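The structure under discussion appears below in the form of structure tokens.
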Amino acid sequence: MRVTALAGGTGAAKLVRGLVASGVADLTVIVNTADDTEVWGLHVSPDLDTITYALAGRLDLERGWGRTDETFRCLETMAALEEPTWFALGDRDLATHLVRTRALRAGRPLSQVTAEIARRLGVRVGLSPMSDDPVRTRIRTPAGWLSFQEYFVREKARVEVLEVAYEGAADARPAPNVLTAIGDADAVVVCPSNPVTSIGPIVAIPPIAGALAATRATVVAVSPIIGGAAVSGPAGQLMAARGLPVSALGVARAYAPWLDALVLDGRDRGLAAELEAAGVRPVVGDILMTDRGSEAALARRVLGAVGVGRAR
Ligand code: FO1
């Protein structure tokens, strides 16, 4: 089965690992890059790195970002030099950003650089940024506009969110293999990532939304919301800021034009009828991924929903 996944960070990394473990051989992962930022003059692509490290067996599972067996000597030295250190780059992680930044400055597109870094780390899954063009999530707070990392890491998502914008999305071109990967897939899996700041920027690129609506693949999402709250991170606050209910129904509404099926937690089974009424097939089960076994089990449940075909 040909599977294409749309992915943000940690939750996506777990499901993608589950898809690999459950035997999906032809897998392409399209990753959000609207969280990308510049730190100490280096281009950092947090979601691409989280997925790459996870597939390479090098993701620090406790933090959910950065590399295993990490040290922070450079960070300590930057602090001594009175440089900003609120965004923590580890020593091993730094190597990735050095390689990426040098290649980008030499004029190579992010998609090529991403594939090259993944290959060098032993990753065999097709990995692509959503676009080679810069798209950036901006968060409007009472104190003004922030970048996503300023909001999420520096302010610890504790500030009020008034508005979310995807700068550059309307004119961004999908990265070279993105539209084919969606059009030729048997299944498109929307990972349990933040619908507003992880999946939102991907589908804000108009040709990508068009490809999702047109594909013959079944489009299945996994809810990142259980029982009215995000499994992790600020998805609830951001969904509310966008006027979406903080529930599996809100997730379905965010993906409404092209979603066929939504995998939601058993605790939310009461929403199944409303989902069906909205034209989305509910698939109820345990969706919390706490270990490798539950990652693979969720992947199998997602793939099980595919055989049924497109709902629309
Ligand atoms: N998240 C944090 O909460 N604090 C950090 O200092 C931090 C550093 C960091 C460095 C590299 C990287 O690839 C990711 C990093 N993250 C950090 C995670 C990341 O910024 C967010 O989890 C994602 O952008 C959300 O998907």
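Worth pointing out:
- When both bridge partners sit in the chain, DSSP labels roughly 40% of those beta bridges antiparallel.
- The charge dipole of the chain, taken about the Cα centre with unit charges on the Cβ atoms of Lys, Arg (+1) and Asp, Glu (-1), comes to about 660 debye, rounded to the nearest 20.
- Accessible area in square angstrom per residue, the chain, 1.4 angstrom probe: 42 Å²
- Projected-area average for segment 120-178 over all orientations - Cα convex hull basis, square nanometres: 5.8 nm²
- Sequence-separation-based contact order of the chain, relative, with Cα cut under 8 Å and 6+ spacing, percent: 19 percent
- The charge dipole of segment 1-72, taken about its Cα centre with unit charges on the Cβ atoms of Lys, Arg (+1), Asp and Glu (-1) only, comes to about 340 debye.
- When Ser147, Ser223 are compared by accessible surface with a 1.4 Å probe, the order from highest to lowest is Ser147, Ser223.
- Model label sites at Arg267 and Glu76, defined 7 Å from Cα along the beta-carbon direction, differ in position by 4.0 nm.
- In a simple Cβ point-charge model (Lys, Arg +1; Asp, Glu -1; nothing else charged), segment 140-228 has a dipole of about 120 debye relative to its Cα centre.
- A Gaussian network model of the chain, with springs between Cα atoms under 10 Å, assigns the largest mean-square fluctuation among Ala103, Ala256, Ala143 to Ala143.
- Dipole orientation for the chain: of the candidates Ile287, Leu98, His43, Ile287 has the Cα lying most toward the positive pole (charges on Cβ; Lys, Arg +1; Asp, Glu -1).
- Three-way shape label, segment 114-154, alpha-carbon gyration tensor, a/c 1.5: prolate
- Between Leu262, Ala217, Val302, the Cα set farthest toward the positive side of the dipole of segment 172-312 (charges on each charged residue's Cβ, about the Cα centre) is that of Ala217.
- Loop-located GluC sites (Glu not before Pro) in segment 41-127 whose Cβ has at most 13 other Cβ within 10 Å (DSSP): Glu62, Glu82
- To the nearest 10, the accessible area of Arg92 is 110 Å² with a 1.4 Å probe.
- For segment 95-201, trypsin sites (Lys or Arg not before Pro) meeting the loop criterion (DSSP other than H, G, I, E, B) and having at most 16 other Cβ atoms within 10 Å: Arg124, Lys156, Arg158.
- Distance from segment 16-92 to segment 249-264 (C-alpha centre basis), Å: 28 Å
- Only beta bridges with both residues in segment 1-140 are counted; by DSSP, about 30 percent of them are antiparallel.
- Under 13 Å, Cβ to Cβ, from Pro207 - net charge with Lys/Arg +1 and Asp/Glu -1: -1
- Accessible surface of segment 204-270, 1.4 Å probe, proportion on carbon and sulfur as whole %: 54 percent
- Solvent-accessible surface (1.4 angstrom probe) belonging to Leu61, in square angstrom, nearest 10: 110 Å²
- Cα gyration tensor shape of segment 55-144, rounded if a/c is under 1.5, else prolate or oblate by comparing a/b with b/c: oblate
- Global geometry of segment 176-312, whether rounded, prolate or oblate, following the gyration tensor of its Cα atoms and the 1.5 cut on a/c: rounded
The values are calculated or read from the model by the stated rules, or taken from the named source; none is laboratory data. As the structure is a computational prediction, the values presented were derived from the model and not from experiment. Positions of Cβ are backbone-derived with ideal geometry, glycine not excepted, and every protein chain shown enters the neighbour counts. Note: accessible area is taken over every heavy atom of the protein model, side chains too, but ligands, DNA and RNA are not part of it. Shrake-Rupley method; radii C 1.70, N 1.55, O 1.52, S 1.80 Å.
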